[in-house]
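The values are calculated or read from the model by the stated rules, or taken from the named source; none is laboratory data. Everything quoted here is computed from the prediction, not taken from an experiment. For neighbour counting, all protein chains shown are included, and Cβ atoms are generated from backbone atoms with ideal geometry for every residue, glycine included. Note: accessible area is taken over every heavy atom of the protein model, side chains too, but ligands, DNA and RNA are not part of it. Shrake-Rupley method; radii C 1.70, N 1.55, O 1.52, S 1.80 Å.
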Amino acid sequence: LLSSCGLGMLFAGHPDDAVSVLEQGMTMCVADAVTIFENGVTLRIPDDDGGWFHSATALAAVHAIHGRLSVARRVLDEIDAADPPLAWRVDIYGIMEQVARAHIAIAAGDLALASERIESVAHHLGSTELWPFIVHAQSMVALHSGRTADALVILSHALGRNVNSTTSEYAMRLIWAARA
């Protein structure tokens, strides 16, 4: 819940509030099992740390997108130490982690690594409201690779009508600013 709230704050254009909520999401400890009552049926669902991971990846991306790379690196180190399942890291949960890692790789001049990070989640481009962050990172890789025309094509395509799923105005501003 807190990871989704944090992303909601980011989408609403309040990155500092998003950071606060996501940091809280990383400190919450869920009981070993959650009990859900539905029509008299009790289900026991073990906590797999998915909420912590989602909060952490979103937090790393918020910091990286806003240029706070050292803080983003620190959060990514915590993620690495937790050794989450590989599937999480490239599935929809992992989009924000890979976006954060791409921004850090771009800043370090490792454009091949940045491209690899983005390509690992690019299959989600049309299926999630997070797509502007993927497109933004793709365009940055192209731009820093000296492929300005490719960057412009990536951004212009993303701004086309009915190209991707709905997202927030704040996320779209990233695309418009990059295109400018």
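The overall shape of the range 88-163, judged from the alpha-carbon gyration tensor, is oblate: a/c is not under 1.5, and a/b is no greater than b/c.
For the peptides 4-14, 141-151, 58-68, residues were scored by their other Cβ atoms within 10 Å and the scores averaged per peptide; the highest-first order is 58-68, 4-14, 141-151. Determine the share of the range 49-180's accessible area contributed by carbon and sulfur atoms, expressed in whole percent, with a 1.4 angstrom probe. In the range 49-180, the share of accessible area belonging to carbon and sulfur is 54 percent.
Roughly how many Å² is the accessible area per residue of the range 88-180, as a whole number, for a 1.4 Å probe?
Values: 4500 Å² over 93 residues.
Per-residue accessible area for the range 88-180 comes out at 48 Å².
Net charge in the neighbourhood of MET9 (other residues with Cβ under 9 Å of its Cβ; Lys, Arg +1, Asp, Glu -1) is -2.
Rg and Dmax, both from the Cα atoms of the chain and both in Å, are 17.0, 61. Along the range 145-159 the Karplus relation, 6.51 cos²θ - 1.76 cosθ + 1.60 evaluated at θ = phi - 60°, assigns HN-Hα couplings of 8, x, 9, 4, 4, 5, 4, 5, 5, 4, 5, 5, 4, 5, 8 Hz to successive residues, with x for each Gly and Pro.
Accessible surface comparison of SER139, SER70, SER120, probe 1.4 Å, protein chains only, largest first: the order is SER70, SER120, SER139. Between 0 and 90 degrees, rounded to the nearest ten: what's the tilt of helix 131-144 against the longest Cα principal axis of the chain? With both axes taken from Cα atoms, the answer is about 40 degrees.
Using only the Cα atoms of the range 73-117, build the gyration tensor, take square roots of its eigenvalues as a ≥ b ≥ c, and label the shape rounded, prolate or oblate: rounded if a/c is under 1.5, else prolate if a/b is larger than b/c, else oblate. Present the calculation step by step, with values, prior to reporting the outcome.
Details: a/c = 2.40, a/b = 1.45, b/c = 1.65.
It comes out oblate by the Cα gyration axes.
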